[in-house]
Amino acid sequence: QVQLVESGGGLVQPGGSLRLSCAASGSAFSIYDMGWYRQAPGKQRELVAAIGRGGSTNYADSVKGRFTISRDNAKNTVYLQMNSLKPEDTAVYYCNAKLTILDYWGQGTQVTVSS
């Protein structure tokens, strides 16, 4: 069992930056594939960025070059550094942990990009 708690969301102006954190409790964090998803009002949840247990990463085209996902296995934490934020990045951001058929989600953190 893995519990995920996101933090770091908030209100930011266009062009600004935020860093989201996802702290995981439970065992064996390092063997999970981790990801950040987001869901805007009226839209489906979408993958933003993912990082595998070996450190490989992939990003949605809409965030490439602006967002960076990283993990610190010693701290059981995954991060999402978001730069050059745009109003269309406004959404609830969710942390996800996957291992074969196991699939865990955090409660989400709101990110609002507005002037």
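The values are calculated or read from the model by the stated rules, or taken from the named source; none is laboratory data. Fair warning: this is a prediction, and the values are worked out from it, not measured in the lab. Virtual Cβ from ideal backbone geometry, glycine too; neighbours counted across all protein chains shown. Keep in mind that these areas ignore ligands, DNA and RNA; they rest on the heavy atoms of the full protein, side chains included. Shrake-Rupley method; radii C 1.70, N 1.55, O 1.52, S 1.80 Å.
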**OP:** Roll a 1.4 Å probe over the protein chains and send me the accessible area per residue for the chain in Å².
**Re:** 51
Original post:
Residue separation times 0.36 nm, minus the C-alpha to C-alpha distance between Lys86 and Thr100: what's the value?
Top reply: 1.6 nm
**OP:** Determine, at each q value in 0.09, 0.12 (inverse angstroms), the log₁₀ of I(q)/I(0) that the Debye formula gives when each Cα of the chain is one equal point scatterer.
**Re:** -0.21, -0.37
**OP:** Estimate the FRET efficiency between Asn73 and Ser17 by the formula 1/(1 + (r/R0)^6), using the beta-carbon distance for r and 30 Å for R0, to the nearest 0.05.
**Re:** 0.80
Original post:
Can you give the net charge of the other residues whose Cβ lies under 11 Å from the Cβ of Gln81, counting K and R as +1 and D and E as -1?
Top reply: +2
**OP:** First compute the accessible area of segment 1-105 with a 1.4 Å probe, then give the percent of it belonging to carbon and sulfur atoms.
**Re:** 50
